[in-house]
Amino acid sequence: MTVIVTDQGFAPDDFEGPFTTPDAPLPEGRALDLASDTDVSALEGDFDGIALIRIDFPSFADGRGFSIARALRRMGYTRRLRARGHVLADQYAMARRSGFDEVEIDDALAARQPEADWLARADWREHDYRSRLAS
């Protein structure tokens, strides 16, 4: 099972559409699974009908997914953007600032880092280095 993390805490996954890769035919209500080494420039201008993009984080030390999210937002993708895999609660604010709407974690990570750990970082707009420097 998986847990979806948002600014409101833990929730079940409410997306029911199929996930596919960019090189496969895309069904109606499509969602894309992107690897952390995906070159997203090929997707530019082709976001029609993509309900959700999910970007894989194979390791908590692999930050390429943050760059991919930022690039997709700059290219004009405005729908749901989800980080999946090894994202830690400490990285939640960075994920939100990069453009992610939510994070998908497995039950084991949710048990090690409970909802309170994620909610402590949910006010991601206020708790950044700039606001700490202004104090």
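Read the figures in this text as sums done on the coordinates, not as results from a lab. Worth saying up front: this structure is predicted, and the values here are computed from it rather than measured. Positions of Cβ are backbone-derived with ideal geometry, glycine not excepted, and every protein chain shown enters the neighbour counts.
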Discussion item. What does the C-alpha gyration tensor say about the overall shape of region 1-73? Classify as rounded when a/c is under 1.5, otherwise prolate if a/b is larger than b/c, or oblate.
Written reply: oblate
Discussion item. Let me spell out the model: positive unit charges on the Cβ of Lys and Arg, negative unit charges on the Cβ of Asp and Glu, origin at the Cα centre of region 1-111. What dipole size does that give, in debye rounded to 20?
Written reply: 460
Worksheet entry | Mean separation of Cα contacts under 8 Å, 6 or more apart, over the residue count of the chain: relative contact order % | 26
Practice prompt. List the pair-distance distribution P(r) of the chain, using every Cα-Cα distance, as the percent of pairs falling in each 5 Å bin from 0 up to the bin containing the longest distance, rounded to whole percents.
Written response: 2, 10, 21, 22, 20, 13, 7, 3, 1, 0, 0
Response to the item:
Interchain or sequence-distant (5+) residues whose placed amide H lies within less than 5 Å of the amide H of Leu34 are Arg54, Ile55, Asp56
Worksheet item: To the nearest 10 degrees, how steeply does helix 64-74 sit against the main Cα axis of the chain, on a 0 to 90 scale?
Response: 70
Worksheet entry | Within the chain, longest stretch clear of exposed GluC sites (Glu not before Pro) (DSSP loop, no more than 13 other Cβ within 10 Å) | 45-125
Practice prompt. Report, for the chain, the % of DSSP beta bridges that are antiparallel, rounded to 5.
Written response: 30
Worksheet item: Semi-axes, largest first, in whole Å: what does sqrt of 5 times each Cα gyration tensor eigenvalue give for region 40-99?
Response: 21, 11, 10
Discussion item. Could you tell me which residue out of Leu34, Thr21, Leu72 lies farthest along the dipole of region 10-82 toward its positive end? Charges go on the beta carbon: Lys and Arg +1, Asp and Glu -1, centred on the Cα centre.
Written reply: Leu72
Item to complete: Go ahead and estimate [θ] at 222 nm for the chain from helices alone: -39,500 (n - 2.57) per DSSP H run with n ≥ 4, summed, over the residue count, rounded to 500.
Response: -6500 deg cm²/dmol
Practice prompt. Using a cut-off of under 15 Å, list every residue of region 79-94 whose amide N is near the label point 7 Å from the Cα of Phe10 along the Cα-to-beta-carbon line.
Written response: 89
